[in-house]
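Shown next, in structure tokens, is the structure this report addresses.
All of the numbers you see were taken from the coordinates with simple rules; none came from a lab. None of these values were measured; they are calculated from a predicted model. When we count neighbours, we look across all protein chains shown, and the Cβ atoms used for this are built from the backbone with ideal geometry, even at glycine.
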Amino acid sequence: MPVPLQIANAAISFRRNKSLLDKSCKDLSAEEWLRSPCENSNHLLWIAGHIVWARAAVLKFLGAPEWSRPWLKQFARGKKRDEPSQYPTPEEVLSAFEDLTRHVTEGLESASEETMRSPAPPNSPPGDGTTGGVINFLAFHEPITWASWPICAAGWDTRDRRGKRWIRPRLPISGAADSWPGRTRWRDARPAGA
């Protein structure tokens, strides 16, 4: 059965997002998986685990049997980071992502237009109020979540001098594109007095 029109773009996004994750994680060391590029940011393993957690939610909205792993709840929305020893290995997370990709693809291909137009359950992620809208949001959620890591690694900060949250770019004085905060000196990219 073809993918319902309402979630056709989501199906394409989920396929492309898998490619993004595969390419981004290739040849990372164990240290790189657990490095937090900024003080208040999550490390790459947490971000990858959170994407797995969100893909498992897609299956739930598709009405598929519950998919889980013993560690899945560590990556739920709003969860704080644990000690590195408490996490699954990157290989376990990537294997779970592969497994979920197969299940999500099958679920999207077997979803009905009627199910996609049905009202989303209470306390669902944002969308247009339908199950299909929630699935579209979750497809959009993946690349945004994944993009948070390199943006922070490039030196984005989320607090001003008074501790108030806002986003301002910070650029390495040396100009090195692959510099990490703490290994190089940083300057504000914000105009003086702004």
* To do: Pop a pseudo-label 7 angstrom from the Cα along the beta-carbon direction at both Ser110 and Leu20 and give the gap in nm to one decimal.
  => 2.7
* Asked: Taking the range 41-144, which GluC sites (Glu not before Pro) meet the DSSP loop condition and have no more than 13 other C-beta atoms within 10 Å?
  -> Glu66
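What does the net charge come to around Phe14 if you take all other residues with beta carbon closer than 9 Å to its beta carbon, with K and R at +1 and D and E at -1? Don't skip to the end; give the middle numbers.
Values: positive: Arg15, Arg16, Lys18, Arg55; negative: Glu142.
That sum, taken over residues with Cβ under 9 Å, equals +3.
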* Within straight cross-link reach of Lys60, meaning Cα distance under 23 Å, which lysines are found once same-chain residues fewer than 8 apart are removed? -> Lys18, Lys73, Lys79
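Go through the range 19-58 and name the trypsin sites (Lys or Arg not before Pro) that are in a DSSP coil and have 13 or fewer other Cβ atoms within 10 Å of their Cβ. Before the final figure, lay out the partial values.
Details: sites: Lys23, Lys26, Arg35, Arg55; in loops: Lys26, Arg35.
Loop-located and lightly packed - Lys26.
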* Asked: Given the C-alpha centroids of the range 9-43 and the range 81-150, what is the distance between them in whole angstrom?
  -> 14
* Asked: Lys/Arg Cβ at +1, Asp/Glu Cβ at -1, dipole of the range 1-42 taken about the Cα centre: which of Pro4, Phe14, Ser29 is farthest positive-ward?
  -> Pro4
